[in-house]
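Visitor: Below are the structure tokens for one structure; questions will follow.
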Amino acid sequence: MKHLSFIACSFLLLSACKSNQPLETVEYVDLEKYQGIWYDVASFPQRFQKGCYCTSATYIQKDKYIEVYNRCAKDSADGKISSVKGKAFVRDEESNAKLAVQFFWPFKGKYWVIGLDEDYRYAVIGEPSRRYLWILSRTRQLPEELYNEALAIAASKGFDISKLEKVTQSNCVE
């Protein structure tokens, strides 16, 4: 038991140290492959997502930006659909992994791809202050093995994964 406590404490200290380090992104994001629907499997709770179920984001490549369409059902899986449309701008054309997302002018948020399955089955999205984190999946239910891979990536980048909350993605009305 003492060993387990020591390991847990060491991990927390390592995570705290990493949170002061620059946030590393994936080497490259193929924007063609990234397009389409992604489901929010888990995320840090945010005021703008309060009461959301069945949350998804759709990305569509345009000429000079990526159209972003976020939607969720409010207060239950079959609740009223709430949506918002925005734009994402690539900020690092060498990797395509750093984007600035804008839903309301003039405000832009940092959207950095910090983990990405080689087959684009999941993506881990964060931002440098580590206050925002999302685990996205191409399917509403991410297999536990892949979810654990995504968690390990987030933890290794200094995110406090104990703050993650799973998003309800069952009984969703399309």
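Visitor: List the relative contact order of the chain as a percent without decimals, with contacts defined as Cα pairs under 8 Å and 6+ residues apart.
Guide: It comes to 27 percent, rounded to a whole number.
Visitor: Continuing with the same structure: On the principal axes of its Cα set, how long, how wide and how thick is region 67-124? Give whole Å, largest value first.
Guide: Between the extreme Cα coordinates on each principal axis of region 67-124 lie 41, 33, 14 Å.
Visitor: Here is a further query. Once you have the Cα-Cα distance between residue 83 and residue 171, take 0.36 nm times their residue separation minus that, and quote the gain in nm to one decimal.
Guide: Result: 29.8 nm gained on full extension.
Visitor: Hey, another quick one. So if each residue of separation counts as 0.36 nm, and I subtract the Cα-Cα distance between residue 110 and residue 76, what length gain in nm does that give?
Guide: 9.4 nm
Visitor: Take residue 60 and residue 140, extend 7 Å from each Cα along the Cα→Cβ direction, and tell me the distance between the two endpoints in nm.
Guide: 2.3 nm
Visitor: Further question on the same structure: Could you work out the percent of alpha carbon pairs in region 107-152 separated by over 18 Å, rounded to a whole number?
Guide: When all Cα pairs of region 107-152 are counted, 28 percent exceed 18 Å.
Visitor: 222 nm [θ] for the chain, helices only, -39500 (n - 2.57) per DSSP H run of 4+, per residue, to 500?
Guide: Rounded to the nearest 500, the figure is -6000 deg cm²/dmol.
Visitor: Out of these labelled values of percent of Cα pairs over 19 Å apart, (1) 69; (2) 65; (3) 58, which was calculated from the coordinates shown here?
Guide: (3)
Visitor: May I ask you to list the residues of region 74-92 whose amide nitrogen lies under 17 Å from a point 7 Å from Cα along the Cα→beta-carbon direction of residue 47?
Guide: No residue qualifies, since no backbone N sits under 17 Å from the label point.
Visitor: Rounded to the nearest 10 degrees, what's the angle between the helix 2-18 long axis and the longest principal axis of the chain, both from Cα atoms, 0 to 90?
Guide: Its long axis makes an angle of about 50 degrees.
Each reported figure results from applying straightforward, stated rules to the coordinates on display, with no laboratory input. On a predicted model such as this, the values are computed, not experimentally measured, just so you know. As a convention, Cβ positions derive from the backbone with ideal geometry for all residues, glycine included, and neighbour counts pool all protein chains shown.
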